[in-house]
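Encoded as structure tokens, the structure appears first; notes follow it.
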Amino acid sequence: MHNPLVSVVISNKNGLQWLPKCIASLRQQTYFDQMEVIIADNRSTDGSPALARQELMGFPRATVIINEKDGGIAGGQNAGAKAAKGRVLFFLNNDTWLESDCLENLVREFDVHKAAAASPLTMDYDDDTFQSIGNQGMDLFGLPDSGHPLDHTAECFMATGCGFIVDAELFRRVGTFDEEYFLNCEETDLSWRILLAGGKIIGVPAARLHHRGAAGVNPAGQTKVIESRTSDTKRYLSNRNWILSLLKNSQHIFLLLLIPHLLMLIAEAVVSLVLIRRWSHVRRAYLEAIADAFRMMPHVRMWRRKIAGFRVRSDFWMLRFLRLQPSRWEEVKRLFIVGVPRVDKR
């Protein structure tokens, strides 16, 4: 049997609720006979690996990998990618489902535009409310913008993590996902490296994907997000990993963004203390995140040497993605709509 064109890789952790619809949507793809499905399980305790094997019966190429340890989304996706045989890899979250021509449209535009990576149009799980189609730029605090809808295929700064298609050879050449990230920002870090290596990233509105989002830390509401909720650890990883991304991928000019970025985190920590009124959250999500990022400088230096080996684009070239509007403005507006987020102690 010939090698598949597309390897769909799903990193799974306790996805019993989400896997049946996700896998069923893969079964309905017009590209069904040109893909393989690999589910890399991160030590689930809800029986989802057995469910996945059952749901994948009848697929021409499908496997479930049980990882020796929980390596987070980054580790799970890398484990799946090691077993993949496709020319392109499609990293897919378990709390998603694809419209039937999603993969066909995504791969067609990927090839036509000679892209290295691409994002489908991502919408809410139950309807067509826009979520993302990738990020178009980065603000002066070094954060990606929230993105906006596209009416045609266009270049992007970073691809969306819940449905991320990438050239398999380039994915391996730029170093795969950084497993130290565990989860949060691993796809934006990879996108940055793809751009530095000379690749093009596109958003494809004709490829339509539906995503629940934050299902692990914000489970209330089933398929709908009905509250603003996060956890100490998720905020810690998000804050730490963005500092790591700036330190790793910036050549010189973008390193200056660390100054406003750190000032922003300190200001955000003060506001969080006032709103959430829990010092342990501020210590974990902000102070430890900043300290641990700089404590990981040996890891950063290793990556900077690796990136220097394939970098063909400078920070001067990357300036085209710099934006003036602060990315966190959307989060500020959300406070007035849904109120202060609930933060779990974990």
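Here is how the number arises for the chain: DSSP H runs of 4 or more residues each give -39500 (n - 2.57), the sum is divided by the residue count, and the result at 222 nm is -11500 deg cm²/dmol. Each label point was placed 7 Å from the Cα along the Cα-to-Cβ direction; for D344 and E155 their separation is 4.1 nm. The dipole here belongs to the chain: it is taken about the Cα centre, uses +1 on the Cβ of Lys and Arg and -1 on the Cβ of Asp and Glu, and is about 1160 debye.
Can you give the log10 of the normalised intensity I(q)/I(0) at q = 0.08, 0.12, 0.13 Å⁻¹, computed with Debye over equal Cα scatterers of the stretch 6-211? Once normalised to I(0) and log-transformed, intensities are -0.23, -0.54, -0.64. Of all the options F32, F90, F294, the one that moves most in a Gaussian network model of the chain with Cα springs shorter than 10 angstrom is F294.
Placing dummy labels 7 Å off each Cα toward the beta-carbon, the span from T223 to R278 is 3.1 nm. The mean sequence separation of alpha-carbon pairs under 8 Å and at least six residues apart, normalised by the residue count of the chain, gives a relative contact order of 18 percent.
For the chain, a Kirkwood radius taken over Cα pairs fed into Stokes-Einstein (25 °C, viscosity 0.890 mPa s) yields D = 120 µm²/s. Sorted on the mean count of surrounding Cβ atoms within 10 Å across their residues, most packed first, peptides 64-73, 170-179, 132-141, 295-304 read 132-141, 170-179, 64-73, 295-304. Working note: Cα gyration tensor of the stretch 41-163, eigenvalues times five, square-rooted, sorted largest first, giving semi-axes of 28, 18, 15 Å. Between the stretch 101-135 and the stretch 18-46, the alpha-carbon centres lie 17 Å apart. Taking 0.36 nm per residue of separation and subtracting the Cα-Cα distance, full extension of the segment from W317 to M302 would add 3.1 nm. Going by neighbour counts of Cβ atoms within 10 Å, the residues T63, T153 line up, fewest first, as T63, T153. By the equivalent-ellipsoid construction on the alpha carbon gyration tensor, the stretch 229-344 comes out with semi-axes of 29, 18, 11 Å, ordered largest to smallest. For the stretch 95-173, dividing the convex hull volume of the Cα atoms by the residue count gives 122 Å³ per residue.
Just so you know, all these numbers are worked out from the coordinates, no wet-lab data involved. All values reported here derive from a predicted model rather than from experimental measurement. Every residue, glycine among them, receives a Cβ derived from its backbone with ideal geometry; neighbour counts consider all protein chains shown.
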